[in-house]
Each structure stands twice: as structure tokens, then as C-alpha cells.
Amino acid sequence: SHDEFNWDDYLAETGSVAAPLSCFRQSKIPPNNEFKVGMKLEAHDPRNVTSVCIATVIGITGARLRLRLDGSDNKNDFWRLVDASDIQPIGTCEKNGDMLQPPLGFRMNASSWPMFLLRTLNGAEMAPASFFRKEPPKPPRNEFKVGMKLEAVDKKNPYMICPATIGDCRGDDIFVTFDGWRGAFDYWCRYDSRDIFAVGWCGLTGDALQSPGNSVSLPKSISNTPVSPPKVIRNSMQSQPKPAFVPAQRIKKRSRGRPPGSSTA
Ligand code: MLZ
């Protein structure tokens, strides 16, 4: 439609550059997603990564799967690329001599796990091994630079992939800032995170790339004066007007977060 977000226009209007493909731990061409809703697979429990659990595909979005651990509630869904290293066909765990574990917060008595496991797998449609793709290798080093644009998973709303800018780089860590959201969703992650993608990724996978937010940060010197209070315009996602194309990080000296594990001393 006429007000759809367009990277070419946005990069031109903001005078910015896209982070090169070689920066990302992603395949250059997004992997095909052949999974179907209802299929079962093995997944490491995101809240207890040493446990391998049974998961069901609850939804499909681009090259990602929305997963729910069998025996868990519906409040802890997680999203994984079809080439994620922590999902595998059913039977892999046993082949490795390991045991399938109940998810953290298993909704039944632990003693009922063996029977639950039998029942959940009985007659289940298992995702074939050919649907799982090999995880791409990590780029040898962090090649991101401050100001580069990318598409990134909003970790607070992990079904969303949004336009973002590299706000800072420290060693192997990068600060992902979301355009037009005044820092509310920003996070540090490693340069080889599977949650960040090159500009154009969503266009290739068919994912709905969100539009930038429309919040504009004014410089402190202006926003602190009584005549111009800090302007925060936040519309609902349903009715986002065309973004102002003023990346906050260009006009505001940001108070940056710290990379994980860094000391303030
Ligand atoms: N409903 C939320 C969505 C924000 C998504 C931001 N992504 C960077 C809100 O409007 O706050």
C-alpha cells in the first residue's frame, strides 16, 4: 500500500547505510520454511537450556517458527529460525543417549512426565529431518559500525522484526537501537546473534517488517526549556502515521546502556 515502509526511501531520507550481509550470522538467502502448524520437534528449553523438550509448531512467520513446549503454558512461546542450532528432529535426543525433559513450569506433577511424553508423541506429526537447516557459520569478527541499519527482533515483542540502527559497538557486543522508539526496546547482543538480519530480510522471507516508531527525541538543550517540553508521540500500532524520518540517535546525545558484564568502575 502507499504508506508501506520502504528501505530504499528510508535509507535515502536518513542518509544512512545498511549493514553489509557479511556482518550477520544468517544465510545470504533465507532458508525455506517447510514446517506446518502442529508439527512436533525437539527444542532446548529457552528457560533451562540444558533440557531438551518436545515442542509444537504453533505458528509460522517467514523463516521462523513460533514454538510452544509440550506440557508448558501458552505464556512462554518462543521463536526460532528453521536453521537454529537448538531445534532438532524428534529422536535426536534419544540417539545421543539423552532423555527428553519436562519444560520448566511443567503443568503436571513431575511423576506424570513419562506418561505425558508417551501421550504427546502418540500419533503426533513429527517434523521431518529435511526441514531442519544447518546453522550458518558466524562471521569471523564483529564488522558492525555505529549508524548501520538492520532489521532486528524486538525482544519484548519477539514476533516483531523492526527497523533498527547500530547505536554502539564494544568488542563482540553491539547495541541495537529501534528507530523511532526512544530507547524503550533497545538491547545489547553479540554481533553473531540470530535475532538480527540484513536490510531486506523480511522482504525475502515474507515477514511483516514493522514501520519505525514515530517518537522523536529532541536535544536536551531544547527539551529542558519550559517552552518545548520533550515531545513523545506514540501512536498505537494499528494507526501509525507515516514516520517522521528523524532518527532519534542523530539529534539526541543518547544515554547509552552498558554491554552485558561491563563494569562501571
Ligand atoms: N504495542 C507496543 C509495540 C511496540 C513495538 C516496538 N518495537 C520496537 C507499543 O506500542 O508500545
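Side notes on the structure shown:
- Checking each residue in segment 127-181 for being within 23 Å of residue 78 (Cβ to Cβ), crowded, with 19+ Cβ neighbours inside 10 Å and either at pLDDT below 95 or acidic (Asp, Glu) (or both) picks out 151, 154, 173.
- Hits in segment 54-108 - residues which are under 17 Å from residue 31 (Cβ atoms) and of a type in the set (Ser, Thr, Tyr): 61, 85
- Every residue from segment 7-55 that is exposed (fewer than 13 other Cβ atoms within 10 Å of the Cβ) and assigned to a loop (DSSP other than H, G, I, E, B): 15, 17, 28, 29, 32, 36, 37, 38
- Strands (runs of 3 or more DSSP E) wholly inside segment 127-208 that include at least 2 residues being within 24 Å of residue 42 (Cα to Cα) and within 16 Å of the chain's Cα centre (by Cα): 157-170
- Some residue of segment 65-73 being in contact (Cβ under 8 Å) with a residue 60 or more places away in the chain and either touching a helix residue (DSSP H, G or I) at 6+ places or on another chain (Cβ under 7 Å) or of a type outside the set (A, V, I, L, M) (or both): yes
- Candidate set from segment 120-157 (those that are within 16 Å of the ligand (Cβ to nearest atom) and of a type outside the set (Lys, Arg)); member that is nearest to residue 102 (Cα to Cα): 157
- Criterion applied to 167, 123, 171 was being in contact (Cβ under 8 Å) with a residue 60 or more places away in the chain and over 23 Å from residue 200 (Cα atoms), and the one residue passing it is 171.
- Against the conditions (1) within 10 Å of the ligand (Cβ to nearest atom); (2) out of contact with any Pro (no Cβ under 7 Å at 6 or more places or on another chain); (3) of a type in the set (Asp, Glu), residue 172 satisfies every one except (1).
- Those residues of segment 25-51 which are at pLDDT 95 or above and aliphatic (A, V, I, L, M), in sequence order: 29, 37, 39, 41, 43
- Residue count for segment 68-125 satisfying the condition of being buried (at least 17 other Cβ atoms within 10 Å of the Cβ), of a type in the set (A, V, I, L, M) and outside any loop (DSSP other than H, G, I, E, B): 4.
The values are calculated or read from the model by the stated rules, or taken from the named source; none is laboratory data. Since we're looking at a predicted model, the values are computed, not measured. As a convention, Cβ positions derive from the backbone with ideal geometry for all residues, glycine included, and neighbour counts pool all protein chains shown.
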